[in-house]
Amino acid sequence: MHGYPKVAHVHQDFWIAALICASFVVVVSSYAIANLRQDNLLNFSASYTGLAVVSQFFIQTALMLGVFLLMRRSSSERYFFWVLIAGVALRVVLIPVEPYTSNDIDRYLFDGKLLLEGYDPYTTSHDMETLVDLREQWQPPPEHAAYVTLYPPLALSLFAFSASAGYEWTVFVWKSLVAFASVASLLLMANLLKFRQQRTYLPFFALSPILLFEGGVGAHVDAFSTLAIVGAIYLWLKSRWWLCGICIALGTLCKFLPLILMGPLFLVALGMGTRMRLVTGFLLTVFLFYGLFFFIGLYPIGSLAVFFEKWRFGSPLFTLLETFIQQAHLSILVPILTIGVLSGVGLYILLAPSHEKEKRALLGSQWALASPLLFSPVVFPWYLMALVPFMTLAPTATMFLWLAIAPVTYEVLGQFACCDHWAPAIWPLWLIAGGIFLGIVWDFFKRRTC
């Protein structure tokens, strides 16, 4: 009888180790999927790329959930350590993989090269005649050619730093920077989970397919804004408000979404002095970067409005609204709806009793970040990277299902890889909408019964 607990531990060790090893297999399969596009992998057609990518995300989601469920049975420190080490290794392993989920990295690096060559990427489109030689060497995405860059100053500075390594090494340098940001996010999150006694939640971050593949394969700049969000949460919970404001500003200077965090954190901060430190740290950092760019003769405004006007992808709610509402009215309605959700989040935080303030702030911040994405006309899966930190600290069924189902939109990669035909299907939007709805119902009834 005394042997049963030991046997149970051995079984749990085995299954956790097995699932972690399976994650390595799924991640290493990225090298095979990258070759699928060349039509030279075991005679499989490049048209299977979409199916392969969607399967990869779903399998890794199942493995992540499996490790989490096993860890819930025992909060052993060694499991936490295993998952942490695995998360770091998985991020490093993906550095050499050629991006296959998007070609954004080519856009990033060409914008960086333009800056190094003395052009203003905010006013210089890629199809300018004077850029013929640069285009031939760097091969920026042709579908982006007519639009100037839309990335904030810090992101563009990181692009330029990577491009300075030269064409042969620029992708490796960029992917190494992204891997560094991803590993730093993981280590910071691990520290945060230990501080909050939430060690069993680490798989949601360390083994997250959104973070692993959108950072390690797609090498998206969102990895840096995600790092800033984790840093801001850490500094907030440590009451380092000045640095928290700086951290949110650095995230905003990579991708605009972290700006939304200023609202919830401003409300949760105690006293005007604390709030002023938060705001001052944020504004000084933003003004410093934008002021520097204006000073050197750049015009850091970009084409973000044009991008959202022209592109449609992965957004079931916006697609539904666009079906029934004219574009002129929609451009007014969407900001109103977004502000309405943000106002509701603000009330949810302000009306919280003192013992629930922190919990409500985490949940409220999660929904605050999600609200622009819910109403956005474009939601590529990597946009959801910013939601993973809050999903890890305050898991909800809604966010879990959204993160799990969103990658079905990669079905579009099949025809794009084989035939250069971009035609997103409608059925992924139904799946995403259904997942979000089921999540909201689950979370509502769970809260009512708790």
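The values are calculated or read from the model by the stated rules, or taken from the named source; none is laboratory data. Please read these numbers as outputs of a predicted model, since none were measured by experiment. Cβ coordinates were reconstructed from backbone atoms using ideal geometry, including for glycine residues, and neighbour counts include every protein chain displayed. Note: areas computed on protein heavy atoms with side chains; ligands, DNA, RNA excluded. Shrake-Rupley method; radii C 1.70, N 1.55, O 1.52, S 1.80 Å.
Before we move on, is residue 323 among the polar types (S, T, N, Q) and modelled with pLDDT of 90 or more?
No: the conditions fail for residue 323.
Of all residues in the stretch 316-334, those being open to solvent by 50 Å² or more (accessible area, probe 1.4 Å) and within 22 Å of the chain's Cα centre (by Cα) number 2. Among the residues making up the stretch 138-163, those that are aliphatic (A, V, I, L, M), assigned to a loop (DSSP other than H, G, I, E, B) and under 20 Å from residue 220 (Cα atoms) are 145, 148, 150.
Would you say residue 182 is open to solvent by less than 10 Å² (accessible area, probe 1.4 Å), more than 25 Å from residue 352 (Cβ to Cβ), outside any loop (DSSP other than H, G, I, E, B) and touching a residue at least 12 places away in the same chain (Cβ under 8 Å)? No, not satisfied.
For the stretch 251-270, enumerate the residues that are hydrophobic (A, V, I, L, M, F, W, C), open to solvent by 30 Å² or more (accessible area, probe 1.4 Å) and more than 18 Å from the chain's Cα centre (by Cα). Result: 266, 267, 270. Out of 313, 308, one residue alone is farther than 25 Å from residue 228 by Cα, under 22 Å from the mean Cα position of the chain (by Cα), modelled with pLDDT under 95 and not polar (S, T, N, Q). It is 313. Whenever a residue of the stretch 222-233 is touching a residue at least 60 places away in the same chain (Cβ under 8 Å) and surrounded by 24 or more Cβ atoms within 10 Å (Cβ to Cβ), its partners that are β-branched (Val, Ile, Thr) and assigned to a helix (DSSP H, G or I), lying with C-beta atoms within less than 7 angstrom and at least six residues away or across chains, give the pairs 223/178; 226/388.
What do you reckon, is residue 51 of a type outside the set (Gly, Ala, Ser) and either open to solvent by less than 80 Å² (accessible area, probe 1.4 Å) or closer than 13 Å to residue 24 by Cα (or both)?
On the way: of a type outside the set (Gly, Ala, Ser): yes; either open to solvent by less than 80 Å² (accessible area, probe 1.4 Å) or closer than 13 Å to residue 24 by Cα (or both): no.
No: the conditions fail for residue 51.
Candidates in the stretch 1-38 are the residues that are farther than 23 Å from residue 206 by Cα and surrounded by 14 or more Cβ atoms within 10 Å (Cβ to Cβ); of these, the one that is modelled with the lowest pLDDT is 37.
Picking from residues in the stretch 102-133 that are open to solvent by 30 Å² or more (accessible area, probe 1.4 Å) and of a type in the set (A, V, I, L, M, F, W, C), the one that is nearest to the chain's Cα centre (by Cα) is 115.
Take residue 293 and decide whether it is under 28 Å from residue 119 (Cα atoms) and surrounded by fewer than 17 Cβ atoms within 10 Å (Cβ to Cβ).
In short, no.
Filtering 402, 430, 442 for residues that are in contact with a helix residue (DSSP H, G or I) (Cβ under 6 Å, 6 or more places away or on another chain) and over 26 Å from residue 226 (Cα atoms) leaves a single hit, 442.
Restricting attention to the stretch 50-63, report how many residues are among the small types (Gly, Ala, Ser) and modelled with pLDDT of 95 or more. Qualifying residue count, the stretch 50-63: 2. Within the stretch 111-137, restricting attention to residues that are in a helix (DSSP H, G or I) and in contact (Cβ under 8 Å) with a residue 40 or more places away in the chain, the residue that is nearest to residue 294 (Cα to Cα) is 115.
Yes or no: the stretch 204-215 includes at least one residue that is touching a Leu at 6+ places or on another chain (Cβ under 6 Å), modelled with pLDDT of 95 or more and within 27 Å of residue 288 (Cα to Cα). The answer is no; no qualifying residue exists. Checking each residue in the stretch 339-372 for being touching a residue at least 12 places away in the same chain (Cβ under 8 Å) and open to solvent by less than 20 Å² (accessible area, probe 1.4 Å) picks out 345, 346, 349, 361, 362, 364, 365, 366, 368, 369, 370, 371. Could you tell me whether the stretch 377-385 includes any residue that is farther than 18 Å from residue 229 by Cα, open to solvent by less than 10 Å² (accessible area, probe 1.4 Å) and touching a strand residue (DSSP E or B) at 6+ places or on another chain (Cβ under 6 Å)? Yes, some residue in the stretch 377-385 is farther than 18 Å from residue 229 by Cα, open to solvent by less than 10 Å² (accessible area, probe 1.4 Å) and touching a strand residue (DSSP E or B) at 6+ places or on another chain (Cβ under 6 Å).
Taken over the stretch 64-80, the criterion of being crowded, with 21+ Cβ neighbours inside 10 Å and modelled with pLDDT of 95 or more is satisfied by 64, 67.
Exactly one residue out of 407, 424 is at pLDDT below 95 and either within 23 Å of the chain's Cα centre (by Cα) or among the small types (Gly, Ala, Ser) (or both), and it is 424.
Rundown of residues vs (1) closer than 20 Å to residue 48 by Cβ; (2) open to solvent by 20 Å² or more (accessible area, probe 1.4 Å); (3) assigned to a helix (DSSP H, G or I), yes/no style:
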position: 391; (1), (2), (3): no, no, yes
position: 405; (1), (2), (3): no, yes, yes
position: 408; (1), (2), (3): yes, no, yes
position: 413; (1), (2), (3): yes, no, yes
position: 416; (1), (2), (3): yes, yes, yes
position: 422; (1), (2), (3): yes, yes, no
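What about residue 171, is it farther than 22 Å from residue 286 by Cα, out of contact with any Gly (no Cβ under 9 Å at 6 or more places or on another chain), β-branched (Val, Ile, Thr) and surrounded by 19 or more Cβ atoms within 10 Å (Cβ to Cβ)?
Details: farther than 22 Å from residue 286 by Cα: yes; out of contact with any Gly (no Cβ under 9 Å at 6 or more places or on another chain): yes; β-branched (Val, Ile, Thr): yes; surrounded by 19 or more Cβ atoms within 10 Å (Cβ to Cβ): yes.
Against the criterion (farther than 22 Å from residue 286 by Cα, out of contact with any Gly (no Cβ under 9 Å at 6 or more places or on another chain), β-branched (Val, Ile, Thr) and surrounded by 19 or more Cβ atoms within 10 Å (Cβ to Cβ)), residue 171 qualifies.
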